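Novice: After the structure tokens below, expect a handful of questions from me.
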Amino acid sequence: MTLSIKHLGKRYGDKVVVDDVSLTVRAGEAFGLLGGNGAGKTTTIRSVLGLLAHEEGEVLWNGRPFLANRPSVGYLPEERGLYPKETVSEQLVYLARLEGMKKQAAHKALRSWLERLGIGEHEHKRVEQLSKGNQQKVQIISALIHDPELVILDEPFSGLDPVNSDMLASVVKEQIAAGKALVFSSHQMMQVEQFCENIAIMKKGRMQIGGKLAEIKRSYGRSNLILRSEADLMPFLETRGLTDIRRDAQEWTLKVNNEAQAHELMRELGQAGVPMLKFELKEPSLHEIFIEKVGEAV
């Protein structure tokens, strides 16, 4: 099972909101679609699903037009949409039936998911009676109850505390292990790094960078130098023209241009007699790559 997006383009009048976006998502893989507000992520997702018409490009499922060969889809939109006056059970069974499940199978899947996410005691409560975190769990179940082939999760961790975030993380891993093709959009870079082998970073409707996350990191080189010393390194580092320096107790993290510069710094520290407890070169984090490409904090 493969989702292929080729040269996708979407306009509103003269305004281009998605411009020449291409990516591939395979079964058993999570693809991270990243970008700041207004980057075009949600428009891309809606165009893929046929909720918006696109003017350019094509969307394929297993090599055939997506809408003519539409797979079973589980979609968790960023703008949540539940019926507040209905009970959890009524709502989820109804949504499962819309996806083609028989009533008995829908009830069985419902009980399994409610137990899995720890909200079994809320089955007969109205959605409006639940906390925001538990409402988010109901929304997640609505996207997964029918065992879809393609799963699209837009900011799935929004509104969840750390314990429930860990629970959802395990659910996402289970979906990947079950062979689902999963598109994952989030501002939480730690989760993206945890799940996604491939990523794309968007800005103003265009892809700034895309591909295997490990290869993207390697292309940047090991540009983060971590030093640990009981000595005050700041005067030494500032005289070398280094300005992007962070300190946490005895540990210093700084940006270097390349590994050669890092080793030269280490040599100079040794010559100056500065005692070092740690010297480590690391690749940049996804968060750092995102900031460089998009130019905004998340």
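The values are calculated or read from the model by the stated rules, or taken from the named source; none is laboratory data. Keep in mind that what you see is a predicted model, and the values were worked out from it rather than measured. Here the Cβ positions follow ideal geometry from the backbone for every residue, glycine too, while neighbour counts run over all protein chains shown.
Novice: Going through segment 103-136 one residue at a time, which ones are among the basic types (Lys, Arg) and farther than 23 Å from Leu153 by Cβ?
Specialist: Lys103, Lys108, Lys125, Arg126
Novice: Here's a follow-up. Give me the pairs: first residue in segment 259-283 and touching a residue at least 40 places away in the same chain (Cβ under 8 Å), second residue part of a helix (DSSP H, G or I) and among the small types (Gly, Ala, Ser), beta-carbon distance under 7 Å, and six or more apart or on different chains, which are they?
Specialist: Partner pairs satisfying both residue conditions: Leu281/Ala262.
Novice: Here is a further query. Output the residues belonging to segment 128-151 that are touching a Pro at 6+ places or on another chain (Cβ under 7 Å) and among the β-branched types (Val, Ile, Thr).
Specialist: Correct list: Ile140 only.
Novice: Out of all the residues in segment 23-42, which are of a type in the set (S, T, N, Q) and surrounded by 14 or more Cβ atoms within 10 Å (Cβ to Cβ)?
Specialist: So in segment 23-42, the residues of a type in the set (S, T, N, Q) come out as 24, 37, 42.
The answer is Thr24, Thr42.
Novice: If you check Pro156, Pro148, which single one turns out to be touching a Leu at 6+ places or on another chain (Cβ under 7 Å), of a type outside the set (S, T, N, Q) and crowded, with 19+ Cβ neighbours inside 10 Å?
Specialist: Just one listed residue meets the conditions, Pro156.
Novice: From the list Leu60, Leu92, pick out the single residue that is assigned to a helix (DSSP H, G or I), at pLDDT 95 or above and among the hydrophobic types (A, V, I, L, M, F, W, C).
Specialist: Numbers: Leu60 fails: assigned to a helix (DSSP H, G or I).
Being assigned to a helix (DSSP H, G or I), at pLDDT 95 or above and among the hydrophobic types (A, V, I, L, M, F, W, C) holds for just one of Leu60, Leu92, which is Leu92.
Novice: Could you grab the pairs with beta carbons closer than 9 Å, sequence gap of 6+ or different chains, first residue in segment 29-51 and in contact (Cβ under 8 Å) with a residue 12 or more places away in the chain and in a loop (DSSP other than H, G, I, E, B), second one crowded, with 21+ Cβ neighbours inside 10 Å and charged (D, E, K, R)?
Specialist: Gly40/Lys10
Novice: Just to check your reading of the model, which residue among Val183, Val138 is within 19 Å of Ser22 (Cβ to Cβ), surrounded by 19 or more Cβ atoms within 10 Å (Cβ to Cβ) and among the β-branched types (Val, Ile, Thr)?
Specialist: Just a single option satisfies the conditions, and that option is Val183.
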